[in-house]
Amino acid sequence: AGAPTLYILEDYHCPYCAKFHEAHADLILELVKQGKLRVVFLDFVVHPEVAPMHAFTWCVYNRTGNAYLYFNVTRSLYELFSKGVSTSLNDTIKVASSFTSPEVINASKACMSLRERLLQELSSGLKSLGFTGTPTFVFWDPATGRGLVVEGCLDWDVCIKEEDFVKVLDWLSQRG
């Protein structure tokens with residue numbers, strides 16, 4: 001039936017998103033590699049200045065189909081943001097250039113304007129569904145029909161503790 005899915009609504013200038021990646025990127029990668037979790041990143045533009053960044057990274061992913069490339073670019077952007085860099089499209093292109101070819105970079109730049117419009121529609125749609133902040137975590141296990149939505153963070157130090165993350169995955173797998 002497959003692994004549970006974690007949908008992460010994120011914004012590249014969300015400090016809590018950056019903290020989450022800092023705390024759990026390795027855990028997420030390990031769970032994905034083990035086949036215990038699927039992860040879907042959803043661009044939820046809360047800070048308008050990040051729309052071009054999200055559009056570009058989506059275009060890179062769409063061009064390559066490489067989820068690890070997308071994850072590593074995203075992780076690197078959050079690392080820069082955590083260090084106080086107000087990241088921009090130029091930073092995004094520079095980071096992506098260290099992971100992929102100039103051809104992919106140029107093709108991704110070319111697709112950005114269409115994707116930016118779609119991002120605004122996606123973000124508006126998510127807002128109309130009641131989502132208001134980032135990060136938002138939507139855990140879903142289609143095999144058991146169980147899900148959980150965690151919107152935002154209550155604690156600056158850690159958005160969700162590793163043991164709680166694992167407990168949620170265990171709970172999702174339970175039938176009944």
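The values are calculated or read from the model by the stated rules, or taken from the named source; none is laboratory data. Keep in mind that this is a model prediction, so the values were computed, not measured. Glycine gets a Cβ as well: all are built from the backbone with ideal geometry, and neighbour counts include every protein chain shown.
Pairs are defined by a Cβ separation below 9 Å, a sequence spacing of at least 6 or placement on different chains, a first member in the stretch 34-52 that is on the phi > 0 side of the Ramachandran plot, and a second member that is at pLDDT below 95 and exposed (fewer than 14 other Cβ atoms within 10 Å of the Cβ); the pairs so defined are Gly35/Gly2.
Of Gly147, Gly84, Gly125, which residue is out of contact with any Pro (no Cβ under 6 Å at 6 or more places or on another chain), outside any helix (DSSP H, G or I) and over 27 Å from Glu30 (Cβ atoms)? I'd like the intermediate steps shown before the answer.
On the way: Gly147 fails: over 27 Å from Glu30 (Cβ atoms); Gly125 fails: outside any helix (DSSP H, G or I).
Testing whether each residue is out of contact with any Pro (no Cβ under 6 Å at 6 or more places or on another chain), outside any helix (DSSP H, G or I) and over 27 Å from Glu30 (Cβ atoms) leaves just Gly84.
Pairs needed: first member in the stretch 109-138, of a type in the set (Gly, Ala, Ser); second member anywhere, crowded, with 16+ Cβ neighbours inside 10 Å; C-beta distance under 7 Å; at least 6 residues apart or different chains. Matching pairs, first to second residue: Ser123/Phe44; Ser123/Val45; Gly133/Val46. Could you check, for the stretch 49-63, whether at least one of its residues is under 21 Å from Phe139 (Cβ atoms) and either at pLDDT 95 or above or touching a His at 6+ places or on another chain (Cβ under 6 Å) (or both)? Checking the stretch 49-63: not a single residue is under 21 Å from Phe139 (Cβ atoms) and either at pLDDT 95 or above or touching a His at 6+ places or on another chain (Cβ under 6 Å) (or both).
Could you list all residues from the stretch 69-80 that are surrounded by fewer than 21 Cβ atoms within 10 Å (Cβ to Cβ), touching a residue at least 24 places away in the same chain (Cβ under 8 Å) and touching a helix residue (DSSP H, G or I) at 6+ places or on another chain (Cβ under 8 Å)? Show your work before the answer.
Pass one, the stretch 69-80, residues surrounded by fewer than 21 Cβ atoms within 10 Å (Cβ to Cβ): 69-72, 75-76, 79-80.
Still in the running and touching a residue at least 24 places away in the same chain (Cβ under 8 Å): 69-72, 75, 79.
Once the filter is applied, which keeps residues that are surrounded by fewer than 21 Cβ atoms within 10 Å (Cβ to Cβ), touching a residue at least 24 places away in the same chain (Cβ under 8 Å) and touching a helix residue (DSSP H, G or I) at 6+ places or on another chain (Cβ under 8 Å), the stretch 69-80 yields Leu69, Tyr70, Phe71, Arg75, Glu79.
Listed by first and then second residue, the pairs linking a residue in the stretch 82-99 that is under 18 Å from His21 (Cα atoms) to a residue that is among the aromatic types (Phe, Trp, Tyr) and not in a helix (DSSP H, G or I), with Cβ atoms under 9 Å apart and 6 or more places separating them unless they lie on different chains, are Thr87/Tyr12; Thr92/Tyr12. Would a scan of the stretch 135-143 turn up a residue that is surrounded by 19 or more Cβ atoms within 10 Å (Cβ to Cβ) and aromatic (Phe, Trp, Tyr)? Taking every residue of the stretch 135-143 in turn, at least one turns out to be surrounded by 19 or more Cβ atoms within 10 Å (Cβ to Cβ) and aromatic (Phe, Trp, Tyr).
In this structure, does Asn62 turn out to be free of Cβ contacts under 8 Å to residues at least 24 places away in the same chain and not basic (Lys, Arg)? No, not satisfied.
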